[in-house]
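**Q** Attaching a single structure in structure tokens format; questions to follow.
The values are calculated or read from the model by the stated rules, or taken from the named source; none is laboratory data. The structure presented is a predicted model; accordingly, all values stated were derived computationally and were not measured. In this analysis, Cβ positions are derived from the backbone assuming ideal geometry, glycine residues included, and neighbour counts consider all displayed protein chains. The area values use the complete protein model at the heavy-atom level, side chains included, leaving out ligands, DNA and RNA. Shrake-Rupley method; radii C 1.70, N 1.55, O 1.52, S 1.80 Å.
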2 protein chains.
Amino acid sequence: MHAADDPIPGFYAVLPAGGPGSRLWPLSRTDRPKFLLDPLGNGRSLLQRTWDRLRLLTSTDRMIIVTGEQYGAAVAEQVPDIEGHNLLLEPAPRDTAAAIGFAAAVIAERDPAGILGFFPADHLVRDESEFLRAVREGVRSANAGYLTTIGIDPAGPSTAFGYIELGERLSVPGTSQVLRARRFVEKPDAETAARYLAEGTWRWNAGMFVVRADILLGELERARPELHSTVTRLAKAWRTAGWAAEARTLWTGIERVSIDYAVLEPAAEQGRVVVIPAALGWDDIGDWAALVDILSPAGALTPAVIGDVARVLAYESTGLVVAHGDRQIAVHGLTDVVIVDTPDVLLVTTRDRAQQLKRLVDELRRRGRLDLI
Amino acid sequence: MHAADDPIPGFYAVLPAGGPGSRLWPLSRTDRPKFLLDPLGNGRSLLQRTWDRLRLLTSTDRMIIVTGEQYGAAVAEQVPDIEGHNLLLEPAPRDTAAAIGFAAAVIAERDPAGILGFFPADHLVRDESEFLRAVREGVRSANAGYLTTIGIDPAGPSTAFGYIELGERLSVPGTSQVLRARRFVEKPDAETAARYLAEGTWRWNAGMFVVRADILLGELERARPELHSTVTRLAKAWRTAGWAAEARTLWTGIERVSIDYAVLEPAAEQGRVVVIPAALGWDDIGDWAALVDILSPAGALTPAVIGDVARVLAYESTGLVVAHGDRQIAVHGLTDVVIVDTPDVLLVTTRDRAQQLKRLVDELRRRGRLDLI
């Protein structure tokens, strides 16, 4: 057992920092994805806050960020403590199995029995002590050989997240609760989500899991032998003179598949995945609607403001105003409005339409306005 | 009788260009009132269009603009043809009786029997030929000695305008229809406005009237002898070395009263005012709601756009978007929205709340943001 702030021996924190830049458009852009933003306006980006949380559990030499090549400079600027060899750069986006497999293979080169924890770099975690508890227990469960996911206590019948069904309880020393993961389910419909919530035996899948490097690579090899062999070769080339050539030839052809689909789901079906339930106050901030719900709870009488509150004057309005331009914003008489004011783009929509940005972004792309998307 | 485009002998067109800058805020400002704007986006300001219309009826030496001292330079820039002595500058706003009385007194100095037509410089007139007809007939009626108002055929039961009740028909050579003005009524309630519309004997008062200079000054002398004496003294000082001193002492103390209340209403009660009905396609563009109704008729499937349409992308939305900043604007899922994007202020409101800008503007004034109002 360790004191709350002690680093965990042998624990590597891996932060996949990817995802398209369009979900919080126009605040997020192709070249400024969500993880680089500070959508809650508290002075640290989502990536930085994820880094800060995990920094409490390990030393910087065991903290890894996996991101797209084009974001390398921005990530290094936001996280100056990262060590160069720990900033893994994907030559092109190839989904999570490639990113996570590559990271696992790189770490396995150094430490085959290292314990890896994967934590998406663009999520919100409000209860930090619960997070630290869950990860510490996850490491113990991983040390016991389990592929261990963190299962988020659902805050409601969301249809936006995947679910994990809890199975029988296992006995793992030093943990409060570890249960078998019976199965993973993709985003359900509303009726199913309501049933899951009522049943009480389902947790949200937030893409956070802890596992020994060799076990994860073994699962990957079993499920996707070719992908495994590719990321292993790439890991050997990482930080060598041959990287550019290997990356160009090998990475491009790698299979695009999610780690959930490729590894976690089949492994769970065979009983090799466990869950540590946790009430993290978690959200993936998947769109503006999520941010409205986080910042402006039901019953709020004024819109939430991100940015300079002195620049926003709102009467008889609710929703969210992002004041990232340098102008005065005046709002009157709009319910559940989402106003995002940036120096080159203004978005005005509603909480309920905020998921439908794709059409706007696609039209701008069609018009050749790549500078705005 | 004259051909359509002949100037009318002895006719002076007077354009009162005043009014607060707040009704189309933030497009209009204290230093950029509505008459200087081109809210319809057709390349000429409301003042310029009013000038253009009247220029068809008289020569530039008989075209007068009455405006606030602070707008003199902007007016001269927009209307370079105006002659210096015809750009009458009010040292301070003192309502319409002072402005119109002063203009009448200045012209009477030159031509006591001149026919004056007054036409607010910030209104919309869509049917220009009907306007020209009404004014030509108004001049004939004025020549016959009548204080002649143009009565606008009401387009609906508006509660935003004053009304004139039509009385018995008079015989005036060269006119199609001149009727006694029975009385003037201020903005009525909705029920009364509906009744007026049903009765068919009421016209909107748009503040347009035609009258011989000496007759108007006689009415003013009868109704407001002190005001009459003041504007007469001021007219004698206009363009003399003594103007600044006279303006400072005399103008400041002048009574604040509208020409309707001071002159037209009492004169109508005594049977000395007549009406020429006209269907002008008129609107005073009193607020953003009026502009929505003008530019985006009921049933429109997309918002009207003022400014660069290429900068506005709108889906499933109606209302009005003013693109006067240099940014891309994206709108999705808002009904009857009013978005006014300017370089330093963004307004987002709805058609129905667009009359209530005062609260926003007052709050900015309270905060000392005079640069924004």
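**Q** Of all the strands (runs of 3 or more DSSP E) wholly in the stretch B:140-195, which have at least 2 residues that are more than 28 Å from residue B:113 (Cβ to Cβ)?
**A** B:162-170, B:178-185
**Q** Output yes when any residue across the stretch B:59-80 is open to solvent by 10 Å² or more (accessible area, probe 1.4 Å), at negative phi and in contact (Cβ under 8 Å) with a residue 60 or more places away in the chain, and no when none is.
**A** no
**Q** Next up: How many residues does the stretch B:310-332 hold that are within 28 Å of the chain's Cα centre (by Cα) and among the hydrophobic types (A, V, I, L, M, F, W, C)?
**A** 4
**Q** Output the residues belonging to the stretch B:20-68 that are polar (S, T, N, Q) and modelled with pLDDT under 95.
**A** B:22, B:28, B:30, B:42
**Q** Considering only residues that are in a strand (DSSP E or B) and either of a type in the set (Lys, Arg) or touching a helix residue (DSSP H, G or I) at 6+ places or on another chain (Cβ under 9 Å) (or both), which ones fall in the stretch A:330-349?
**A** Those that are in a strand (DSSP E or B) and either of a type in the set (Lys, Arg) or touching a helix residue (DSSP H, G or I) at 6+ places or on another chain (Cβ under 9 Å) (or both): A:330, A:331, A:332, A:337, A:338, A:340, A:341, A:345, A:347, A:349.
**Q** Any residue at all in the stretch B:282-292 that's aromatic (Phe, Trp, Tyr), open to solvent by 10 Å² or more (accessible area, probe 1.4 Å) and closer than 18 Å to residue B:45 by Cα?
**A** yes
**Q** Name the residues in the stretch A:83-137 that are among the hydroxyl-bearing types (Ser, Thr, Tyr) and either open to solvent by less than 20 Å² (accessible area, probe 1.4 Å) or over 17 Å from the mean Cα position of the chain (by Cα) (or both), would you?
**A** Selection gives A:129 alone.
**Q** Can you find a residue that is open to solvent by 20 Å² or more (accessible area, probe 1.4 Å), within 13 Å of chain B (Cβ to nearest Cβ), without any contact (Cβ under 8 Å) to a residue 60 or more places away in the chain and part of a strand (DSSP E or B) anywhere in the stretch A:312-329?
**A** Scanning the stretch A:312-329 turns up at least one residue that is open to solvent by 20 Å² or more (accessible area, probe 1.4 Å), within 13 Å of chain B (Cβ to nearest Cβ), without any contact (Cβ under 8 Å) to a residue 60 or more places away in the chain and part of a strand (DSSP E or B).
**Q** Those residues that are assigned to a helix (DSSP H, G or I), more than 7 Å from chain B (Cβ to nearest Cβ) and either closer than 15 Å to residue A:291 by Cα or open to solvent by 60 Å² or more (accessible area, probe 1.4 Å) (or both), I need them from the stretch A:353-368; list them, please.
**A** A:358, A:365, A:366, listed by residue number.
**Q** Tally time: how many residues in the stretch B:156-165 are touching a residue at least 40 places away in the same chain (Cβ under 8 Å) and out of contact with any Gly (no Cβ under 7 Å at 6 or more places or on another chain)?
**A** 6
**Q** Can you tell me which of A:171, A:158 is more than 22 Å from the chain's Cα centre (by Cα) and either within 19 Å of residue A:265 (Cβ to Cβ) or polar (S, T, N, Q) (or both)?
**A** A:171
One line per residue, one yes/no per condition, for (1) open to solvent by 10 Å² or more (accessible area, probe 1.4 Å); (2) touching a residue at least 60 places away in the same chain (Cβ under 8 Å); (3) of a type outside the set (A, V, I, L, M); (4) on the phi > 0 side of the Ramachandran plot:
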{"site": "B:189", "(1), (2), (3), (4)": "yes, no, yes, no"}
{"site": "B:200", "(1), (2), (3), (4)": "yes, no, yes, yes"}
{"site": "B:218", "(1), (2), (3), (4)": "yes, no, yes, no"}
{"site": "B:226", "(1), (2), (3), (4)": "yes, no, yes, no"}
{"site": "B:238", "(1), (2), (3), (4)": "yes, yes, yes, no"}
{"site": "B:244", "(1), (2), (3), (4)": "yes, no, no, no"}
{"site": "B:268", "(1), (2), (3), (4)": "no, yes, no, no"}
{"site": "B:272", "(1), (2), (3), (4)": "yes, yes, yes, no"}
{"site": "B:280", "(1), (2), (3), (4)": "no, yes, no, no"}
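**Q** Counting just the residues of the stretch B:8-27 that are within 14 Å of chain A (Cβ to nearest Cβ) and crowded, with 24+ Cβ neighbours inside 10 Å, which one comes out nearest to residue B:100 (Cα to Cα)?
**A** Selected residue: B:24.
**Q** Please report, ordered by residue number, the helices (runs of 4 or more DSSP H) entirely within the stretch B:197-271 with at least 3 residues that are modelled with pLDDT under 95 and hydrophobic (A, V, I, L, M, F, W, C).
**A** The qualifying helices (runs of 4 or more DSSP H) are B:243-246.
**Q** While we're on this one: Restricting attention to the stretch B:338-352, which residues are facing chain A (nearest Cβ under 7 Å) and within 14 Å of residue B:306 (Cβ to Cβ)?
**A** Within the stretch B:338-352, B:339, B:341, B:347 qualify.
**Q** Restricting the stretch B:294-311 to residues that are in contact (Cβ under 8 Å) with a residue 24 or more places away in the chain and of a type outside the set (A, V, I, L, M, F, W, C), which is farthest from the other protein chains (Cβ to nearest Cβ)?
**A** B:296
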